[in-house]
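Participant: Please see the structure below; I have some questions.
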Amino acid sequence: MIIEHLLKNISLVATATATIGIFANSASALTLNSSSGTWSNTVGGSGIVTQTVAGENQVRWGTPLTNDGKSGLGFTGVGTTTFNPGDTFLLGTLRHFNNALFAGTAASQTKLNVNLNFSSPLTTEAFGFDLGIDETLNVGLASNCPYTSTTPCSDKISFPNAFPGNTFNLDGTDYTLELLGFSNTLGGNLVQDFISQEGGTNSTYLYGKLTSVTPISVPEPSSAVAVLALGALGAGQAIKRKKVIA
């Protein structure tokens, strides 16, 4: 009788644990309605201009040496996508307008403000990342350039810090957006630096993930079952002792 009662309790706990696990997994899924980006806090450079062209938010700088126009960066966000916290996901497309400029007119840094518009849960969050810009001198041989170049000389876009200074709360856990890197192809290998060849417009994909800042400690389901089993065994022993005494 005692063993039957114990097995019944364990079965109930297992069922409840499975149900809770299913609920937690479904609740953690996020639906991103769209992403977008704006630019601010550009350091260095001359003639700084921010503009939106065909849905792409751009920051442009410098005094052009040719009719190709200013150098700059552009960001285009993504549409609807679903993922879980911790999953790698596409933030958008980054473009570098790598045009020849007069010396001393290029920017050295700018801030990309990534806006994530969620429909599930319903919230909009913004995260700011400083992007370093190394616009090199276009002199000498391509083999002597600081970065791999087909024409002297390619430039480098990088992010000195992968984490912004702000978080948001979801189901009791604080998350922040972590930049993971650039990829020249969708779903390709990620790299920390975007090397942009001279004399044209170059594109890369920017990836990130939502990283837990204050994870919630949840007991393992096996632990919960073990605790209940021990409790039931203890209760059974107590009942047995009472019967013996009587």
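Participant: If a paramagnetic tag sat 7 Å from the Cα of SER34 along the Cα-Cβ line, which residues of the stretch 71-108 would have the backbone N under 12 Å from that point?
Facilitator: 77-80
Participant: Moving on to the next point. If each residue of separation counts as 0.36 nm, what is the full-extension length gain between ASN166 and ASN189 once their alpha-carbon separation is subtracted?
Facilitator: Numbers: separation 23, 0.36 × 23 = 8.28 nm, distance 2.73 nm.
This chain segment gains 5.6 nm when fully extended.
Read-outs: derived from the displayed coordinates by stated rules, not from any lab. As the structure is a prediction and not an experimental result, all values here were calculated from the model. Here the Cβ is made from the backbone with ideal geometry for all residues, glycine too, and neighbour counts use every protein chain on show.
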